[in-house]
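Here the structure is laid out as structure tokens; the discussion comes afterwards.
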Amino acid sequence: MDPQTALFQQHRQRLFGLAYRMLGTPGDAEDVLHDAWLRWHAQDTAALDDPEAWLVTVTTRLALDRLRRAKTERAHYPGPWLPEPLIEAEDAGSDTPEATLERDQSLTLSFLTLLERLGPDERAAFLLNEVFDYSHAEAAAILGIAENACRQRVHRARARLREDRPRYSVDARAQQRLLQRFVAAMEQPTLASLQALFAEDAIHISDGGGVVAATMHPLHGAERLARLYLQIAHNTRLQPLRYSLLTLNGAPALLAWAGGTLTTAIWIEGDGEHIRAIHALRHPGKLARLAATVTNPPAGASLQ
């Protein structure tokens, strides 16, 4: 590997993490990295005082341009838009700073969903400063804006996220237990058993992209959510859904299978006793990467 390629690869994980958090889809993040690589390849790297800063700047600005276009498209998206997940990396046990960053809370699907409430400029400034630990001055230079403007963007983003963040935070084991209870309730569904899973103010958000059946607006309330999932259980009683539990974006999630087809990826927010938010990604295009990577559980397999 030539030195120029080796240097790009050295920073690739960090650059991908930045682009993915900006855009919410691995494919778009990979496209940004490809464009950044082409510019890097054409660059006289020997003339650069700080190659990493150059790469981060180019990646951020490419991702920001793409996000601005995506925001316009998502404004006309059929129903809610949810991010596309990542499979847990095989080297998740690595203790490198890059690997640690990739496992932190800023990568969870719930947090990426929350980031969608920010404008592109606020999102970029917030991620650079709060997640990737660049100073306001450094982030401003990357974005090509004044330091005070960057500080204001970070402040607005932090305030908005603090306002909208879940009131409860539970560990992975508690989330896993809630998901296992959800599967048990779906296997022997009753309105009462399903309703007992959800907090009274629980919310359900589903992304079908207008391609498959999904709720077009968020649903609120334990009873409405219970009736929805009771209907889903009844609709699939001739071919019951099978579930597999795995880690997506550093947190427990469920995959639902109908026969050999992956139909839904589910992740939740909870308080340890009840599910307070449930997200159901159903868009086949967004599930394709997962479906090609994970194994369809055999009939009769127990959820681990």
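Share of pairwise Cα-Cα distances greater than 16 Å in the stretch 156-197 is 56 percent (whole percent). At each listed q (0.11, 0.14, 0.21, 0.24 Å⁻¹), what is the log10 of I(q)/I(0) that the Debye formula gives for the stretch 165-232 modelled as equal alpha-carbon point scatterers? Once normalised to I(0) and log-transformed, intensities are -0.29, -0.48, -1.01, -1.17. The relative contact order of the chain, computed from alpha carbon pairs under 8 Å that lie at least 6 residues apart in sequence, is 18 percent. Heavy-atom accessible surface of residue 45, to the nearest 10 Å², is about 40 Å², with a 1.4 Å probe and all protein chains retained.
Comparing 19, 3, 161 along the charge dipole axis of the chain, the residue lying farthest to the positive side is 161, per the Cβ-charge model. Using a cutoff of 8 angstrom between alpha carbon atoms and counting only pairs six or more residues apart, the relative contact order for the stretch 173-279 works out to 30 percent. The percentage of C-alpha pairs in the stretch 198-303 whose separation is greater than 24 Å is 22%.
Close amide-amide hydrogen proximity is noted between residue 248 and 253, each under 5 Å apart and 5 or more residues distant or on a separate chain (H modeled in the peptide plane; Pro and chain starts excluded).
Taken about its Cα centre, the chain carries a charge dipole of roughly 1180 debye when the Cβ of each Lys and Arg holds +1 and the Cβ of each Asp and Glu holds -1. Solvent-free Debye calculation, one equal scatterer per alpha-carbon of the chain: log10 I(q)/I(0) at 0.10, 0.14 Å⁻¹ equals -0.60, -1.09. In the stretch 3-77, Cα pairs under 8 Å separated by at least six residues give a relative contact order of 36 percent. Counting only alpha carbon atoms, the long axis of helix 147-164 and the longest principal axis of the chain meet at about 10°.
Here the Karplus relation 6.51 cos²θ - 1.76 cosθ + 1.60, evaluated at θ = phi - 60°, turns the backbone of the stretch 29-35 into coupling constants of 5, 5, 4, 4, 5, 5, 5 Hz, with x for every Gly and Pro. In the stretch 177-237, with Lys and Arg counted as +1 and Asp and Glu as -1 at Cβ, which of these residues, 189, 225, 204, has the Cα nearest the positive end of the dipole, that is, farthest along it? Highest projection toward the positive end goes to 189.
Subtracting the Cα-Cα distance of residue 152 and residue 292 from their residue separation scaled by 0.36 nm leaves 46.2 nm. Put a plus charge on the Cβ of each Lys and Arg, a minus charge on the Cβ of each Asp and Glu, and nothing anywhere else: the dipole of the stretch 99-152 about its Cα centre is then about 120 debye.
For the stretch 128-208, the Cβ-based charge dipole about the Cα centre amounts to some 180 debye (Lys, Arg positive; Asp, Glu negative; other atoms uncharged).
The values are calculated or read from the model by the stated rules, or taken from the named source; none is laboratory data. Model, not experiment: these values are computed from the prediction. Cβ sites come from the backbone with ideal geometry, for glycine too, and all protein chains shown count toward neighbours. Ligands, DNA and RNA are stripped out before the accessible areas are found, and what is left, the full protein with its side chains, is counted by its heavy atoms. Shrake-Rupley method; radii C 1.70, N 1.55, O 1.52, S 1.80 Å.
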